[in-house]
Amino acid sequence: MSGLTHAQSFRDLIVYKKSRQLQQEIFNLTKSFPKDETFSLSDQIRRSSRSIGANLAEAWAKRRYEKHFISKLTDSDGEQMETQHWIETAQDCGYIDQKKSSELIGKCLELGRMLGGMMEKSELFCGEPSRTIREEAAEYIIATEN
């Protein structure tokens, strides 16, 4: 991938690292939500925050095809926006205060800006992959002697 000698994996991307930090912060925060929210709000906000990084990983795998790469980044951006919605819902329900809500939404917005930058410069991430040697191919058929 031209121009990305510094990123060998999606795990190297700052936006991915920040998405993992956000999902962990939200996970820890939702532990204090009421038990009757376990299968609704807690589940939803955890799922959407985890999907930000998951879609980034998928985008990385699809970067050979620029349009598919951008599509997965768009999905990731949609998940961060959904996470914003659930953060505001948690505030409306009184589970988090205005300060915490603003802090978390700020982190979501930062992820959104980073994802937008990746989409705008997708050509730096996309194209023919470098020809590197990976693991040995597995044998699928084992010949046996009779």
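Key figures
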quantity: In order through the range 75-91: 3J(HN,Hα) via Karplus (6.51 cos²θ - 1.76 cosθ + 1.60), integer Hz, x for Gly, Pro; calculated: 4, 4, 5, x, 5, 5, 5, 4, 4, 4, 4, 5, 5, 5, 5, 4, 5
quantity: Dipole axis of the range 88-128 (+1 Lys, Arg; -1 Asp, Glu on Cβ), positive-most option in Leu109, Ala90, Met119; calculated: Ala90
quantity: ³J(HN,Hα) computed for each position of the range 56-61 - Karplus, 6.51 cos²θ - 1.76 cosθ + 1.60, integer Hz, glycine/proline x; calculated: 4, 4, 5, 4, 4, 5
quantity: Nonlocal amide H pairs with Phe125, under 5 Å, H built at 1.01 Å; calculated: none
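Laboratory data are not the source of any read-out in this text; all were calculated from the coordinates shown. None of the values given here were measured: they were computed from a predicted structure. All Cβ positions, glycine included, derive from the backbone under ideal geometry; neighbour counts span all protein chains shown.
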